[in-house]
Amino acid sequence: MYLGLTILFRVPEPQNPGVFSFLSPLAFDVWMYVVMAYLAVSLTVFLLARFSPYEWYNSHPCNPEYDQVENQFNLLSCMWFAFGGLMQQGSELNPKAFSTRVLSGFWWFFSLILVSSYTANLAAFLTVERMVSPIQNADDLSKQTEIQYGTRKGGSSETFFKRSEIPTYSDMWAYMSSRPEVFSDTYQSGIERVLKRKDYAFLMESTMAEYVVSQHCKNLTRIGGLLNSRGYGIGVPRGAPIRDEITSAILRLQEDDILLEMKNKWWKQGKCVRDEASKEDANELGVENIGGIFLVLLAGLIIGVLVAIGEFIWKSKQNAEIDRKSLCGEMMSGLRFACRCNGKRKPAMFPEAKYQPPFTTTNGQMIALSDNVHMK
């Protein structure tokens, strides 16, 4: 019993996937955040690896003469390590310090959720038929000139636009009144114009438009909501006693959903059934959908830095006790080397005494060599 003006338009044709359609599952800002997260993790792993004393190791444990420690992480290897984690392939590099392992774990979790979300949404983009309409509502229609639009000449719809003081509708009336060819003499001629042309929209009553769409559902569709709202009524003479009876009967029909059943019967006869799956749209994932994993990664960065600071202080304290130096002096020495950010090797803080194995003489006596003992 209620209706309004609506926009009748052709069903948009499906879009062909582009060359870079594989980027569609994630929004542009998400891709930018992923790149920034990748660079931030690579740089942080590099700094933590140089800062943490437990990431320096003896690469020649079988050589007792070797008195240097090495670090496997330079800037390029850190970028390769982070890239391998993002691609879920790993790399030949394995973090040794607890701080770098903590950060790596958070990065791998971030990569797992990101890749899973991307893969799931990519499947939707590949299977769902995407149809994008050039207009979504009356405001879009009034701001463009490529698609013509009009209504039935001399009807209530024309009167509505002529008298409307709403800026959007007054602009639409100015457009239609300056182009008399956009008007149609009958509803049928306007509907046929929409069926034949891809650049024409017809403004008509929603009940009639809904019925027409049910008969031509593969070619026609309604755009947006109702432009206005009004109701049907049955006219009777003033003071007629039958008025109250008709009003009560209509209210009972509404309460019992009989009017809705009649509308479904006559408006939706199943003459054509549009594939509802084709109407579904796969939406790209934005920050509002997967922004939580970036917060988790940020927490991992902070935790990794705090753990690295704790490792550095603890190891510096141990070295200061052995070296009998102040803790501040030991920490400053380590900081100066870490901040230089060059070189993969450095002298071991406490190299073990060089071990010289004994040898056996011809008579079986063991003789240990020292700096002051030699064979004669």
Item to check | Some residue of region 233-254 being under 44 Å from the mean Cα position of the chain (by Cα) and part of a helix (DSSP H, G or I) | outcome: no
Next on the checklist: Looking only at region 18-54, count every residue that is part of a loop (DSSP other than H, G, I, E, B) and under 19 Å from the mean Cα position of the chain (by Cα) and tell me the total.
Outcome noted: 5
Checklist outcome for this item: Taking first residues from region 88-102 that are in the same structural domain as Cys78 (by TED's automatic domain parsing) and second residues anywhere that are in a loop (DSSP other than H, G, I, E, B) and of a type in the set (Ser, Thr, Tyr), the pairs with Cβ under 9 Å that are 6 or more apart or on different chains are Lys96/Ser52; Ala97/Ser52; Phe98/Ser52; Ser99/Ser52; Thr100/Ser52
Checklist entry - Ser21 passes all but one of (1) touching a strand residue (DSSP E or B) at 6+ places or on another chain (Cβ under 7 Å); (2) among the small types (Gly, Ala, Ser); (3) modelled with pLDDT under 85; which number fails? => result (1)
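Select from region 170-219 the residues that are of a type in the set (Asp, Glu) and without any contact (Cβ under 8 Å) to a residue 40 or more places away in the chain and list them in ascending order.
Narrowing region 170-219 to residues of a type in the set (Asp, Glu): 171, 181, 185, 192, 199, 205, 210.
Answer for region 170-219, where residues must be of a type in the set (Asp, Glu) and without any contact (Cβ under 8 Å) to a residue 40 or more places away in the chain: Asp171, Glu181, Asp185, Glu192.
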Next on the checklist: exposed (fewer than 12 other Cβ atoms within 10 Å of the Cβ), over 20 Å from Arg10 (Cα atoms) and at pLDDT 90 or above: is that true of Ser178 in this structure?
Outcome noted: yes
Checklist entry - What number of residues in region 109-160 are surrounded by 17 or more Cβ atoms within 10 Å (Cβ to Cβ) and closer than 30 Å to Arg50 by Cβ? => result 3
Checklist entry - In region 206-244, which residues are among the hydroxyl-bearing types (Ser, Thr, Tyr) and either under 22 Å from Ile191 (Cα atoms) or surrounded by 12 or more Cβ atoms within 10 Å (Cβ to Cβ) (or both)? => result Ser206, Thr207, Tyr211, Ser214, Thr221, Ser229
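Out of Lys268, Lys263, I need the residue that is out of contact with any Ser or Thr (no Cβ under 6 Å at 6 or more places or on another chain), modelled with pLDDT under 85 and at negative phi. Which one?
After applying the criteria, what remains is Lys263.
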Checklist outcome for this item: Reported set for region 285-324 where residues are more than 36 Å from the chain's Cα centre (by Cα), in a helix (DSSP H, G or I) and either surrounded by fewer than 18 Cβ atoms within 10 Å (Cβ to Cβ) or not aromatic (Phe, Trp, Tyr) (or both) is Glu311, Ile313, Trp314, Lys315, Ser316, Lys317, Gln318, Asn319, Ala320, Glu321, Ile322, Asp323
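The values are calculated or read from the model by the stated rules, or taken from the named source; none is laboratory data. Note that the structure is predicted; figures quoted are calculated from it, not measured. Methodologically, a virtual Cβ is constructed for each residue, glycine included, from the backbone with ideal geometry; neighbour enumeration extends over all protein chains shown.
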